[in-house]
Amino acid sequence: FAVETIGDRALIRVQKGGRANGETDGLLIDIPDRAELPLGTPVPIGADGPLRVALSVLGRCPGSPQSFRLEGALTFEAFGVEVGDRVAAAFEGLEVFDGRTGARLGLLRGGFDFRVAKGSTRQRYVDL
């Protein structure tokens, strides 16, 4: 898990292991205005919505061209960006569509819950 801020924007990366983005499966959640993020209320996901979410399955399907569109909502229980702050959200019924054909591919359910810790930026981790 990782959270990074760029001005008012926040990026949350939820992925399997500590590999580079292009080598693993994961979600990238883009919050354009973190000050406007409500807690306890479902927040819509989409190109025109307040949240954008990208899915990658490059760990399971390396080298494959991937284009996914996700629709649904995330509900944040907690969100902070300072050391020790908690970041927690759940998604129920996040639909995955083929970005090229529009075909519905599946449904994601899950969540994440972690505390912010300070570390080197853009540090590559090794799975042991």
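The values are calculated or read from the model by the stated rules, or taken from the named source; none is laboratory data. Predicted model only: the values in this text are computed from it and were never measured. Backbone-built Cβ (ideal geometry, glycine too); neighbour counts: all protein chains shown. The protein model used for the area step is the full one, side chains on, heavy atoms only, and it has no ligands, DNA or RNA in it. Shrake-Rupley method; radii C 1.70, N 1.55, O 1.52, S 1.80 Å.
Taking the criterion of being closer than 16 Å to A2 by Cα and among the hydroxyl-bearing types (S, T, Y), would at least one residue in the range 51-58 satisfy it? Looking for residues that are closer than 16 Å to A2 by Cα and among the hydroxyl-bearing types (S, T, Y), one finds at least one in the range 51-58, hence yes. In the condition set (1) more than 15 Å from R13 (Cα to Cα); (2) assigned to a loop (DSSP other than H, G, I, E, B); (3) at pLDDT below 90; (4) not charged (D, E, K, R), A117 is compliant with all but (1).
For R86, the test of being under 13 Å from the mean Cα position of the chain (by Cα), within 19 Å of A117 (Cβ to Cβ), modelled with pLDDT of 85 or more and open to solvent by 40 Å² or more (accessible area, probe 1.4 Å) is failed.
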